[in-house]
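Okay, structure first, notes after.
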Amino acid sequence: MSYGQILRDLLEPLGVYRWEGSFQWGELQSAGAALDGVAGHLASTQREMSLATAQDEGLTTFQTLLNCRTGSRDTEDLRLALAALLRISGDSFTPAAMNDTLRGCGIPAQVSETGDPLRLRVTFPDIGGRPADFDELRRIIEGVLPCHVLVEYQFTVLTWDGLEARFDHWDQVEREETTWESLEKQTL
């Protein structure tokens, strides 16, 4: 229902207005159209103000406020990543909290302590070798983790023992037409 009709319904019980073909009805329709426009802008603003419902401008504004560019591609992943960044507080630097933040940002990495209080280890458990977009991942990871801590990166590499565990004979490797590069990307 338009605001013009709402205004008419509010004034009709007074019984002092003539509606059909009257100047007053035209004024109410004009005022109602302006209110309809305002309501549309307010609905859009309300949607974009909440991280849970933001779609365009709101997500861009959150990214600007947090000074980040996440690795997220679609809207829902971007919302989760920004929510993870918003959860960071003074007590968010436990390994569990840091891992939660990285997962929320869509980064396939895991943080662990090294025993040295000024050093953390970051691994990529489901990725063999160095991730293809490592430079971007590194920028995001180092933007999330505490800046006073040295970050060590550890990559999963294929060893001869791992190769022997995966394949019984070298013929099996050749039958699968496996390249050395594809072998290095496998995780065992």
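The values are calculated or read from the model by the stated rules, or taken from the named source; none is laboratory data. Keep in mind the model is a prediction, meaning the values are calculated, not measured. Please note: Cβ atoms are built from the backbone with ideal geometry, for glycine as well, and neighbour counts cover all protein chains shown. All accessible areas refer to the heavy atoms of the entire protein, side chains included, with ligands and DNA or RNA removed. Shrake-Rupley method; radii C 1.70, N 1.55, O 1.52, S 1.80 Å.
Solvent-accessible surface of the chain, averaged per residue with a 1.4 angstrom probe and all protein chains in place: 66 square angstrom. Magnitude of the charge dipole for segment 96-177, about its Cα centre and with charges confined to Cβ atoms of Lys, Arg (+1) and Asp, Glu (-1), is about 480 debye. Secondary-structure-derived ellipticity at 222 nm for the chain, considering helices only, amounts to -15500 deg cm²/dmol, per-run term -39500 (n - 2.57) for DSSP H runs with n ≥ 4.
Between the listed residues F62, A84, Q46, the Cα displaced farthest toward the positive end of the dipole of the chain, a dipole computed from Cβ unit charges relative to the Cα centre, is found at Q46. Can you give me the angle between helix 75-86 and the longest principal axis of the chain, using Cα atoms only, in degrees from 0 to 90, rounded to the nearest 10? It works out to around 80 degrees. Note on the chain: with neighbouring protein chains present and a 1.4 Å probe, carbon and sulfur make up 53 percent of its accessible heavy-atom surface. The HN-Hα couplings worked out from phi for segment 96-109 by the Karplus form 6.51 cos²θ - 1.76 cosθ + 1.60 (θ = phi - 60°) are 5, 5, 5, 5, 4, 5, 5, 4, x, 7, x, 9, x, 10 Hz, whole numbers, x standing for Gly and Pro.
Ellipsoid semi-axes for the chain, based on the Cα gyration tensor and the rule √(5λ), read 60, 22, 11 Å when sorted largest first. In the elastic network of the chain, a GNM with C-alpha springs shorter than 10 Å, the most mobile of L11, L66, L150 is L11. When segment 85-188 is described by a simple charge dipole with +1 on each Lys and Arg Cβ and -1 on each Asp and Glu Cβ, the residue from T114, A96, L158 located farthest towards its positive end is A96. The angle separating the long axis of helix 57-66 from the principal Cα axis of greatest extent in the chain is about 50 degrees. Residues whose amide H falls under 5 Å from that of G128, counting only those 5 or more places apart or on a different chain, are T187, with hydrogens built in the peptide plane. About the centre of its Cα atoms, the chain shows a dipole size close to 740 debye [charges on the beta carbon of Lys, Arg (+1) and Asp, Glu (-1) only; nearest 20 debye].
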